[in-house]
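J.: Sharing a structure with you now.
The values are calculated or read from the model by the stated rules, or taken from the named source; none is laboratory data. Quick caveat: nothing in here was measured; it's all calculated off a predicted structure. Neighbour counts are summed over all protein chains in view; Cβ atoms, including those assigned to glycine, are modelled from backbone coordinates with ideal geometry.
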Amino acid sequence: MKNISKIAIFIWTVILCSSCEPNPTKENGVLKGKISIGPICPVETIPPNPACLPTQETYKYWAVYVWTLDKKEKIAQLQPELDGNYSLQLAVGRYILDLDDQHRFGKNLPASIIIKNNETTIFDVNIDTGIR
């Protein structure tokens, strides 16, 4: 009976410890690119009017998400800098990039992307706001 108890304690310890260990085989890659949103104003000028450039609120309103292939679950939201550049580490796999259901103006969305281990996938997003 003592041996059975020792074996049970050993197995329980192994189970607990294995769930705490980082997974050394987890494979990741990087998704990066630039999000372009426009037009912001009815008339675009060169150089651009500062009031017609995207802000953080613009990027939040036109949020781009990484979805599962069946588009039933959001994995992450792209968080661009003010210049539109973004970078995101993702687990290896296939994903869909798209806006949410209230926005349908992505020129090149939805898009299927593949993330490979230790590689960078480049994808630039172009959003047409419909402002004319």
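J.: I'm trying to understand the selection: among the residues of the stretch 80-132, which are hydrophobic (A, V, I, L, M, F, W, C), part of a loop (DSSP other than H, G, I, E, B), within 15 Å of the chain's Cα centre (by Cα) and within 28 Å of Pro42 (Cβ to Cβ)?
T.: Leu99, Leu109
J.: In the stretch 75-93, is there at least one residue being without any contact (Cβ under 8 Å) to a residue 24 or more places away in the chain and surrounded by fewer than 12 Cβ atoms within 10 Å (Cβ to Cβ)?
T.: Checking the stretch 75-93: not a single residue is without any contact (Cβ under 8 Å) to a residue 24 or more places away in the chain and surrounded by fewer than 12 Cβ atoms within 10 Å (Cβ to Cβ).
J.: Quick check: anything in the stretch 6-19 modelled with pLDDT of 85 or more and closer than 30 Å to Thr120 by Cα?
T.: Among the residues of the stretch 6-19, not one is modelled with pLDDT of 85 or more and closer than 30 Å to Thr120 by Cα, which makes the answer no.
J.: Specify which of the listed residues (Lys32, Lys71) is modelled with pLDDT of 85 or more, under 18 Å from Ala111 (Cβ atoms), surrounded by fewer than 14 Cβ atoms within 10 Å (Cβ to Cβ) and of a type in the set (Lys, Arg).
T.: Lys71
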